[in-house]
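Engineer: Could you have a look at this structure, given as structure tokens, before my questions?
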Amino acid sequence: MLDPQLLRNNLDEVASALKKRNMELDITSIEELEEKRKAIQVKTEELQAQRNAKSKEIGQLKSKGKDAQSTMDEVAKIKQQLDESATELDDVQAKLNEIVSGIPNIPHTSVPEGNTEDDNEVVRKWSEPEAFDFEPKDHVDLGETLGLIDFETAAKITSSRFVVMKGEIARLHRALIQFMLDIHIKEHGYQEVNVPYLVNADSCRGTGQLPKFEEDLFHIREHGFYLVPTAEVPVTNIVRDEILNADDLPMKFVCHTPCFRSEAGSYGQDTRGMIRQHQFEKVELVQLVRPDTSYDILEELTGHAEVILQKLELPYRVVTLCGGDIGFSSAKTYDIEVWLPGQNKYREISSCSNFEAFQARRMKARWRNPETDKPELLHTLNGSGLAVGRTLIAVMENYQDKDGSIAIPGVLQPYMSNQTIIKAD
């Protein structure tokens, strides 16, 4: 969440900055609640002063052997008023908290203006898409021709937007996971973590999924748990309520998990194939860093995700998301978009974001600055390194042959017993 002091002292500036997100901040409601809060606090301080004075008077009366009952009755009445003020203050603060928890992060000054993904700015491209001498198929047709991707059985088992992968496609999917983990651990210096796939509400609030995006989550109400929408949630919350030493930073975690999303509001979008599923898998990169390094590390982290695509020799581009397209908690986001011949366009395969102190403030995640010897808020970053299912799609479509077979990228062959091709029996 945003700094409450920033909202109290620079509300107009915050409102102006949020216009880049095409958001009109309800300044009036915030100001009215702030005035109420201040008035209650002044009243509370006055009552506390009266109580203290009366309590002192009671002691003096008793020390002189005088009757103090009427003064004690006054103190009791003041206590009742204080209790009422506390209740009133809690109510006002709860309303303020509800508003504040729904305010997104302020976009970084380098974030471009714009309303939709059409306004995102291309930063760079890597490699050019191959010109096929035949009409390339999409992953659905390729998978069904090979008999190794089955959406009908998945729908029978569960519902639409699930998939059953079989044989060499399932193995290729698993090889991608292992390959990504190995690169990020051995070459990029991340520590692998294995985390719960169920998280509590505090964890979802910490990274910004709650309360605003509850409809996007799968909620197990009887236990109060949520299925993870991304490993970002459990991994980032490792440092919730912690104060880290400066020598511990940056903390770099890599984690593979399944991810579960209800895809609320996306009905009719990408209903064909594996692009938008209720269950999918990702290898997630999370970094917890000193604030003065976070934008350099955003470039580094994005580069780490790009390396995977480069080693797989998959054409891609990097775009900076405009103000109207960045996520709720992010101050700046790069999307990496891979080329999919079956769709004849680039599609997102990773989002790499700097949240600055937005998540850390919610989580009370801090580090001790050796220059001041005081705890300060961390900056948090994460990015997919990569979305496994979409990487599988990209490999299938970019490495296909006209006979429907799929060549296995060289870097993945050691993970598949040096197999070089997947073809129909």
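Coordinate-derived values only; no laboratory data. All of these numbers come straight from a predicted model, not from anything done at the bench. No Cβ is skipped: glycine too gets one built from the backbone with ideal geometry, and neighbour counts run over all protein chains shown.
Engineer: Which whole-number percent is the relative contact order of the range 136-177 (Cα, under 8 Å, 6+ apart)?
Structural biologist: Reported relative contact order: 31 percent.
Engineer: From the convex hull of the Cα coordinates of the chain, what is the mean projected area in square nanometres?
Structural biologist: About 26.6 nm², averaged over all directions.
Engineer: Over the C-alpha atoms of the range 221-260, what are the Rg and the largest Cα-to-Cα span, Dmax, in Å?
Structural biologist: Cα only, the range 221-260: 13.1, 41 Å (Rg, Dmax).
Engineer: What is the list of residues in the range 400-424 whose amide nitrogen lies under 13 Å from a point 7 angstrom out from the Cα of residue 145, following Cα to Cβ?
Structural biologist: Within reach of a label on residue 145, which here means backbone N under 13 Å from a point 7 Å along Cα→Cβ, the range 400-424 contributes 400-407, 422-424.
Engineer: Starting from the Cα-Cα distance between residue 117 and residue 100, subtract it from 0.36 nm times their residue separation and give me the gain in nm to one decimal.
Structural biologist: Between residue 117 and residue 100, full extension yields an extra 3.5 nm.
Engineer: Net charge within 10 Å of residue 416 by Cβ-Cβ distance, Lys/Arg positive one each and Asp/Glu negative one each, not counting residue 416 itself?
Structural biologist: +1
Engineer: OK, next. Based on other C-beta atoms within 10 Å, arrange 221, 124 from fewest to most.
Structural biologist: Sorted ascending by nearby Cβ count, the order is 221, 124.
Engineer: If you don't mind, there's one more thing I want to ask. Would you please classify the overall shape of the range 171-302 from the alpha carbon gyration tensor, given that a ≥ b ≥ c denote the square roots of the eigenvalues, rounded means a/c under 1.5, and beyond that prolate means a/b larger than b/c while oblate covers the rest?
Structural biologist: oblate
Engineer: For helix 69-101, what angle does its Cα long axis make with the longest principal axis of the chain, in degrees from 0 to 90 and rounded to 10?
Structural biologist: So the inclination is approximately 20 degrees.
Engineer: Let me ask you something else. Which of 329, 127, 85 comes first, and how do the rest follow, when ranked by fewest Cβ neighbours within 10 Å?
Structural biologist: In increasing order of surrounding Cβ atoms, one gets 127, 85, 329.
Engineer: Using a simple spin-label model with points 7 Å from Cα along the Cα→Cβ vector, what separation in nm is obtained for residue 42 and residue 69?
Structural biologist: The answer from the label model is 3.8 nm.
Engineer: Loop-only GluC sites (Glu not before Pro) in the range 1-102, please: DSSP not H, G, I, E or B, and at most 10 other Cβ atoms within 10 Å.
Structural biologist: In loop regions of the range 1-102 (DSSP not H, G, I, E or B), the sparsely surrounded GluC sites (Glu not before Pro) are 24.
Engineer: Determine how many Å³ per residue the convex hull of the Cα atoms of the range 245-301 encloses.
Structural biologist: That works out to 135 Å³ per residue.
Engineer: Applying 1/(1 + (r/R0)^6) with R0 = 41 Å to the Cβ-Cβ distance of residue 403 and residue 193, what FRET efficiency is obtained, to the nearest 0.05?
Structural biologist: The computed FRET efficiency comes out at 0.45.
Engineer: At 0.36 nm per residue, minus the direct Cα-Cα distance, what do residue 80 and residue 212 gain on full extension? Give it in nm, one decimal, please.
Structural biologist: Once the chain is fully extended between residue 80 and residue 212, it gains 43.9 nm.
Engineer: Further question on the same structure: Would you give the gap between the C-alpha center of the range 169-203 and the C-alpha center of the range 71-116, rounded to a whole Å?
Structural biologist: Here the two parts' Cα centres lie 39 Å apart.
Engineer: For the range 299-368, which trypsin sites (Lys or Arg not before Pro) pass both filters: DSSP loop (anything but H, G, I, E, B) and at most 16 other C-beta atoms within 10 Å?
Structural biologist: In loop regions of the range 299-368 (DSSP not H, G, I, E or B), the sparsely surrounded trypsin sites (Lys or Arg not before Pro) are 364.
Engineer: In addition: Taking every pair of alpha-carbon atoms in the range 26-101, give the share separated by more than 21 Å as a whole percent.
Structural biologist: The answer is 43 percent, as a whole percent.
Engineer: Between the helical axis of 294-311 and the dominant principal axis of the chain, each derived from Cα atoms, what acute angle in degrees is found, rounded to the nearest 10?
Structural biologist: It is inclined by approximately 20 degrees.
Engineer: Most fluctuating residue of 369, 52, 22 in a GNM of the chain with Cα springs under 10 Å: which is it?
Structural biologist: For the chain, modelled as a Gaussian network with Cα springs under 10 Å, the answer is 52.
Engineer: Using amide H atoms built in the peptide plane, which far-off residues or other-chain residues are under 5 Å from residue 284 H to H?
Structural biologist: The answer is 255, 256, 257, 385.
Engineer: Now for a different question. Rounded to the nearest 500 deg cm²/dmol, what is the calculated helix-only ellipticity per residue at 222 nm for the chain, with -39500 (n - 2.57) per DSSP H run of length n ≥ 4?
Structural biologist: Helix contribution divided over all residues of the chain: -12500 deg cm²/dmol.
Engineer: Assuming R0 = 22 Å, what is the FRET efficiency of residue 416 and residue 153, from their Cβ-Cβ distance, to the nearest 0.05?
Structural biologist: E(calc), rounded to 0.05, equals 0.40.
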